[in-house]
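Novice: My questions all concern the structure below.
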Amino acid sequence: SQILSGKNILVMGVANDRSIAWAIAQSLASQGARLAFTYENERVEERVRKLADTIPGSLLLPCNVTVDEEIDTLAAALKEHFGVLHGYVHSIAFAKTEELEGLFADTSRAGFALAHDISAYSLTAVTNKIYPLMTEGGSIMTMTYLGAERAMKNYNVMGVAKAALEASVRYLANDLGQYNIRVNAISAGPIRTLAAKGIKDFNSILRQVEEKAPLRRTTETAEVGDTAMFLMSHFSRGITGEVIYVDNGYHIVG
Ligand code: 0WD
């Protein structure tokens, strides 16, 4: 039997087939979950639709997380199609490339605000509109990185946004625990995706992980997907407000 059968789960952040959210979707679908995907705008709609179409029974809805009305519309569509929602996967981040090199001290006000709006506040903005649909309890998860805790080269404003995201996980977990809704984060090791393209010297970061991580290899998206499956399932029912590392152990030595 499948551990997520009968569960309706929202997955935000599929950009292409290398996206972490896409590997998460594969793991969730393999365990019988019914999925709703979102796309940011028309520019990426067809690419996401092609992927979503490979998972029978899945929904595809628009939502740019910087626009409140689009989040309202998304919540209404989920209520109409699913009725009850059981899970939410948030796998979204953005910063301008010029803020992802050089000094953090050079971060502009606009760049700081944009990175925090899309990468941190969006979790709270969406959660606020969808938790009322989690009438049977639920599991919410987001994606974070070690740069939230350490000052890492070039990660800059994104590290500060991830720190805000991780703190948001704890506050949301405390708020929503009374409804049996859990909120957690996965801190993944570096993975070559579209988002990673924005980060300077990404190759040398990957090399360092291969040398130093206890498991001597870099993180694969499927490893993150399977941990997400656990977080969406009954098996993680005692875990909330937590950051789980899926990094082949790098953070204990790096
Ligand atoms: O090494 C890595 N790749 C790691 C990524 C290590 C640890 C954590 N993460 C995090 C990222 O910070 C992000 O939160 O995982 C999450 C997913 O990132 P990803 O899978 O590496 O990157 P990608 O495939 O680019 O997905 C991020 C997507 C966007 O893609 P693009 O490249 O088109 O910006 O976030 C979505 C979009 O699909 N996104 C938005 N969605 C709705 N509204 C918005 C928005 N305004 N902005 C970005």
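The values are calculated or read from the model by the stated rules, or taken from the named source; none is laboratory data. This structure is a prediction, so every number in the text was calculated from the model and none was measured. Virtual Cβ from ideal backbone geometry, glycine too; neighbours counted across all protein chains shown.
Novice: Could you tell me whether segment 181-191 includes any residue that is among the basic types (Lys, Arg) and free of Cβ contacts under 8 Å to residues at least 60 places away in the same chain? It would help to see each step written out before you state the result.
Specialist: Step one: list which residues in segment 181-191 are among the basic types (Lys, Arg), which gives 182.
Filter once more, keeping what is free of Cβ contacts under 8 Å to residues at least 60 places away in the same chain: 182.
Yes, the conditions are met somewhere in segment 181-191.
Novice: Residue check: is residue 196 under 17 Å from the mean Cα position of the chain (by Cα) and away from the ligand (no atom under 13 Å from the Cβ)? Full working, then the answer.
Specialist: On the way: under 17 Å from the mean Cα position of the chain (by Cα): yes; away from the ligand (no atom under 13 Å from the Cβ): no.
In short, no.
Novice: Which residue pairs have Cβ atoms closer than 6 Å, lie 6 or more positions apart in sequence or on different chains, and pair a first residue in segment 78-103 that is touching a residue at least 24 places away in the same chain (Cβ under 8 Å) and surrounded by fewer than 21 Cβ atoms within 10 Å (Cβ to Cβ) with a second residue that is in a strand (DSSP E or B) and among the basic types (Lys, Arg)?
Specialist: none
Novice: Can you confirm whether residue 84 is under 17 Å from residue 181 (Cβ atoms), modelled with pLDDT of 95 or more and among the β-branched types (Val, Ile, Thr)?
Specialist: Details: under 17 Å from residue 181 (Cβ atoms): yes; modelled with pLDDT of 95 or more: yes; among the β-branched types (Val, Ile, Thr): yes.
So residue 84 passes the test.
Novice: While we're looking at this one, here's another question. Are any residues in segment 40-71 in contact (Cβ under 8 Å) with a residue 24 or more places away in the chain and of a type in the set (D, E, K, R), and if so, which ones?
Specialist: Step one: of segment 40-71, the residues in contact (Cβ under 8 Å) with a residue 24 or more places away in the chain are 40, 44, 47-48, 51-52, 55, 58-66, 68, 71.
If the condition is that a residue be in contact (Cβ under 8 Å) with a residue 24 or more places away in the chain and of a type in the set (D, E, K, R), then 40, 47, 68 are the ones that fit.
Novice: OK, next. Among (1) over 17 Å from residue 125 (Cα atoms); (2) touching a strand residue (DSSP E or B) at 6+ places or on another chain (Cβ under 9 Å); (3) surrounded by 14 or more Cβ atoms within 10 Å (Cβ to Cβ), where does residue 26 come up short?
Specialist: (2)
Novice: Let me ask something additional. Only one of (1) touching a helix residue (DSSP H, G or I) at 6+ places or on another chain (Cβ under 7 Å); (2) within 17 Å of residue 119 (Cα to Cα); (3) away from the ligand (no atom under 13 Å from the Cβ); (4) part of a helix (DSSP H, G or I) is not met by residue 167, so which one is it?
Specialist: The failed condition is (1).
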